[in-house]
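Report on the following structure.
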There are 2 protein chains.
Amino acid sequence: MPTRTDLPQEFSFIHRHFSELAGPAALGLKDDAAVFMPPAGREMVIAADAMVENVHFLPDDPAETIGRKLLRCNLSDLAAMGARPEGWLLTLARRPGLDDAWFSAFCGGLKADQTHFGLSLLGGDTTSTQGPLVLSLTILGSVLPGQAIRRIGAQAGDGLWVTGTIGDGALGLRVLQGGLADPSGHLAERYRLPRPRVGLPLHGLASAAMDVSDGLVQDAGHLARENGLSVTIQASTVPLSEAARACGPEWLETCLTGGDDYEILFAVPPAREESLMRAGVLMTLSGPVPVTRIGQFHTSATGVQVLDENGAPMRFKKTGWSHL
Amino acid sequence: MPTRTDLPQEFSFIHRHFSELAGPAALGLKDDAAVFMPPAGREMVIAADAMVENVHFLPDDPAETIGRKLLRCNLSDLAAMGARPEGWLLTLARRPGLDDAWFSAFCGGLKADQTHFGLSLLGGDTTSTQGPLVLSLTILGSVLPGQAIRRIGAQAGDGLWVTGTIGDGALGLRVLQGGLADPSGHLAERYRLPRPRVGLPLHGLASAAMDVSDGLVQDAGHLARENGLSVTIQASTVPLSEAARACGPEWLETCLTGGDDYEILFAVPPAREESLMRAGVLMTLSGPVPVTRIGQFHTSATGVQVLDENGAPMRFKKTGWSHL
């Protein structure tokens, strides 16, 4: 596409790379804001997340996956609420050294994902920085009134369940840093491309839910505390991928505390657990996903306890990520 | 407020500083996303802008004004569409060296502004960076269906109008950089605290509108091009503040091209100009604001031409800001 030389660089940059991502509400990315009629009879759900080079992704990660990772992290927030994606906005602070080829790949990845997950770009802003690349994404979704799943709602006795497998993302980061072998490539791929569980049918099933982004142990403890409860996790029941198991038991702590999972952690009342146990999977927009019972909520002192296969409490060097 | 030591640093940071900004939809900033019922019978308007330290604000700008500046820039986008503010989300990439006192002042400023402009915090994210501070803000507003004012809609013969005064922000930056005297303090104050024209009654009056953020000349040219028109500006009619005039005629170019105005530039059909000329002001949420006719749209070649008091075209070293 030819550069429109009558326009300042910034407009031509946005036109070249982002206009093909824009939906009708974006008004061609040429106005001060996007305008749309909200879906009739639905509540809106909105969240924002930022990613910083060297913190959430690596400078030599493929451009094609960096934007998708951020979009997928945000989609995971919608999935945790049981919401349907509607649209997204992106701001980016560009550092020197990222050329047109980089942004073509960056936007190409985003285009594939927005098609798959059924949403489109509403707007955003580009600016420059002398520091690391910073991306910020706002995601907008919708849900039937009263059907959003909150973090609050779990009761003592509810089971603690999780989608998919835990630890692949954290191990993938170690692989990319050179500290771990990954013959199948599965771990690095999960670090770079989380699999948001969009469309997970939590309404009528889960009493509370959140997405696991900062480490299973920390996030489970957080879910328990929000409900004034404690939670016990049986480490041996935590679902690990074949690639994660192949790393050996010395990597279990990394799996349980490492972060970057983007699975959904949810509480299920006892009366609904048997049929879920029998099914073993739930449907998502991307197909069926296994679900596993890994623990239970209790009324005793708040917090999280992880038990090993002998029922003894495990101790960890750290329980998860804090972005400060 | 005591630090909740049972929580990771990040949660306690958000709790300390941001929870008092959160409205009911934010669910106490404790969930994966905010949930709200959109205002009945209205379209939603949404925009996002980022600000980077050393690009959009200075490291020694008061913390109290930095967040407000970004919020006000976003409010200016809503004002340009004729939309009413509803809510906002903030992501921030913190650099080392910004302490609790800094964030208290930062959030204090935001609290005053969200009260004044009638909106509340919906959510966001905090993370860390080794580079300059990066802030990204998404703003959500609403408008009656079909009443959003677009950039497209101006006709040849329409007058070009602008709110308030032009150039104060750009001169204020020069003052803060030590290159210009500002005995009244007006210029620095306008650089740090733009005055978004929220509530400006553009519906039924303006055929097109945008906010002036990257320099009057560039933005006017952009508005003309979007409409397949040219625009002529009479430099002598561009409204300057007393403080800007006191800087002397050698600063006129800075005023016309400098950016950081956050005034509203709008096109008015001839039939509506006489009464507007007589009134000379329009109401906003913050009180009446002067409006001035500074030029006219034409059918000839697209672009912008600025004429001096003798009707001769003026030439500028640059026409505005491009954030690349």
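FYI, it's all coordinate maths here, none of it is from the lab. Predicted model, so just to flag it, every value in this text is computed and none were measured. Here Cβ is always computed from backbone atoms with ideal geometry, including for glycine, and neighbour counts include all displayed protein chains.
Take A:Asp100, move 7 Å from Cα toward the beta carbon, and the resulting point lies 5.1 nm from the same point in each other copy, nearest first. Amide H to amide H, with H built 1.01 Å from N, B:Arg94 comes under 5 Å of B:Thr127, B:Ser128, B:Thr129, counting only residues 5 or more places away or on other chains.
Counted by neighbouring Cβ atoms within 10 Å, the residues B:His298, A:His56, A:His203 run from fewest to most as A:His203, B:His298, A:His56.
The other copies place their B:Met37 label points at 1.9 nm from this one, listed shortest first, where each point is 7 Å from Cα along Cα→Cβ.
Sort the protein assembly as shown into rounded, prolate or oblate with this rule: let a ≥ b ≥ c be the square roots of the eigenvalues of the Cα gyration tensor; rounded if a/c is under 1.5, and if a/c is not under 1.5, prolate when a/b is larger than b/c, oblate otherwise. Prolate is the answer for the protein assembly as shown, as a/c is 1.5 or above and a/b outweighs b/c.
Along each principal axis, taking the top coordinate minus the bottom one, the Cα set of the range B:42-143 gives 43, 22, 21 Å in descending order. Amide H to amide H, with H built 1.01 Å from N, A:Val306 comes under 5 Å of A:Ile233, A:Met314, counting only residues 5 or more places away or on other chains.
Classified by the C-alpha gyration tensor, the range B:141-216 has a prolate form. Its axis ratio a/c, with a ≥ b ≥ c, is 1.5 or above, and a/b is larger than b/c. In percent, rounded to a whole number, the relative contact order of chain A is 21, using alpha-carbon pairs under 8 Å and six or more apart.
Here the 3J(HN,Hα) profile of the range A:124-137, calculated from phi with Karplus coefficients 6.51, -1.76 and 1.60 at θ = phi - 60°, is x, 7, 10, 8, 10, 9, 8, x, x, 4, 10, 10, 9, 10 Hz, Gly and Pro shown as x.
For the pair A:Gln130 and A:Leu285, what calculated FRET efficiency results from E = 1/(1 + (r/R0)^6), where r is the Cβ-Cβ distance and R0 = 45 Å, to the nearest 0.05?
Details: r = 39 Å, r/R0 = 0.87.
Computed FRET efficiency for A:Leu285 and A:Gln130 comes out at 0.70.
Between A:Gly124 and A:Leu90, B:Ala48, the built amide H atoms are under 5 Å apart, and every one of these is 5 or more places off in sequence or on another chain.
How much mean residue ellipticity at 222 nm does chain A get from its helices, if each DSSP H run of length 4 or more adds -39500 (n - 2.57) and you divide by all residues, to the nearest 500 deg cm²/dmol? Numbers along the way, then the final one.
Values: 9 runs with 91 residues, N = 324.
The helix-only estimate for chain A comes to -8500 deg cm²/dmol at 222 nm.
Only lysine pairs 8 or more places apart or on separate chains count here, and in the protein assembly as shown those with Cα atoms under 24 Å apart total 8. Averaged over A:47-58, how many beta carbons belonging to a partner chain fall within 10 Å of each residue's beta carbon? Partner Cβ neighbours, averaged per residue: 6.
Mind checking the dipole of the protein assembly as shown: about its Cα centre, +1 per Lys or Arg Cβ, -1 per Asp or Glu Cβ, Debye to the nearest 20? Intermediate values should be presented prior to the final figure.
On the way: 52 positive and 70 negative charges, 143 e Å.
With Lys and Arg at +1 and Asp and Glu at -1, about 680 debye.
Please order A:Glu20, B:Glu273 by the number of other Cβ within 10 Å, starting at the fewest.
With the sparsest Cβ surroundings first, the list reads A:Glu20, B:Glu273.
Between B:Ala246 and B:Asp60, residue separation times 0.36 nm minus the direct Cα-Cα distance comes to 64.4 nm. The residue among B:Gly199, B:Ala48, B:Ser213 whose Cα reaches farthest toward the positive pole of the charge dipole of chain B, with charges on the beta-carbon of Lys, Arg, Asp and Glu, is B:Gly199.
Taking Cα centre as origin and charging only the Cβ of basic (Lys, Arg, +1) and acidic (Asp, Glu, -1) residues, the dipole magnitude of chain A rounds to 420 debye.
When chain B is turned onto chain A, the axis of that turn runs closest to one Cβ of chain B, and that residue with its distance in whole Å is B:Gly131, 1.
Sorted fewest first by neighbouring Cβ atoms within 10 angstrom, A:Glu309, B:Glu64 come out as A:Glu309, B:Glu64.
Once you reduce the range A:56-122 and the range A:127-153 to the center of their Cα atoms, the two points are 12 Å from each other.
May I ask you to derive the relative contact order of the range B:127-203, considering only C-alpha pairs under 8 Å and at least 6 residues apart, and to give it as an integer percent?
Working: 38 pairs, mean separation 20.6, N = 77.
With pairs under 8 Å counted, the relative contact order is 27 percent.
Comment: the Cα-to-Cβ extended label point of B:Arg272, at 7 Å, lies 5.2 nm from its counterparts in the other copies, nearest first.
Shape of the range A:241-324 from its Cα gyration tensor (a ≥ b ≥ c, root eigenvalues): rounded if a/c is under 1.5, otherwise prolate when a/b > b/c, or oblate? Judged from the Cα gyration tensor, the range A:241-324 comes out oblate (a/c at least 1.5, b/c at or above a/b).
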